[in-house]
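Participant: Dumping the structure here so I can ask a few things about it.
The values are calculated or read from the model by the stated rules, or taken from the named source; none is laboratory data. These numbers come from a predicted model, not from an experiment.
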Amino acid sequence: MNVESQRKNIVHRILEIENSKLLSQIEELLDNDVYTYTTSGKALSVKEYREHLDHIIVASDSGEKGYSTNEARNKISRK
């Protein structure tokens with residue numbers, strides 16, 4: 001199915017919905033720019049996620065040491 005027919009299919013299905021709660025959820029989903037969440041629960045947009053990954057890549061490429069298994073476990077346990 002190409003994008004245009006998929007878009008039309010979705011529009012027709014939405015037009016048939018009579019459940020206001022479901023329509024509200026769809027509207028919230030369309031308005032929400034959250035792409036993913038950090039491990040601490042912070043919402044990230046696509047731009048913020050890419051910046052986060054870029055920061056990790058730069059840190060890794062510069063030779064910064066990450067957390068050992070025990071250090072990571074302790075960080076998670078404290079929260």
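Participant: State yes or no: is Glu28 modelled with pLDDT under 90 and not assigned by TED's automatic domain parsing to the domain that holds Gly66?
Facilitator: yes
Participant: State all residues of segment 34-59 that are at pLDDT 85 or above and part of a helix (DSSP H, G or I); if no residue qualifies, say none.
Facilitator: Val46, Lys47, Glu48, Tyr49, Arg50, Glu51, His52, Leu53, Asp54, His55, Ile57, Val58
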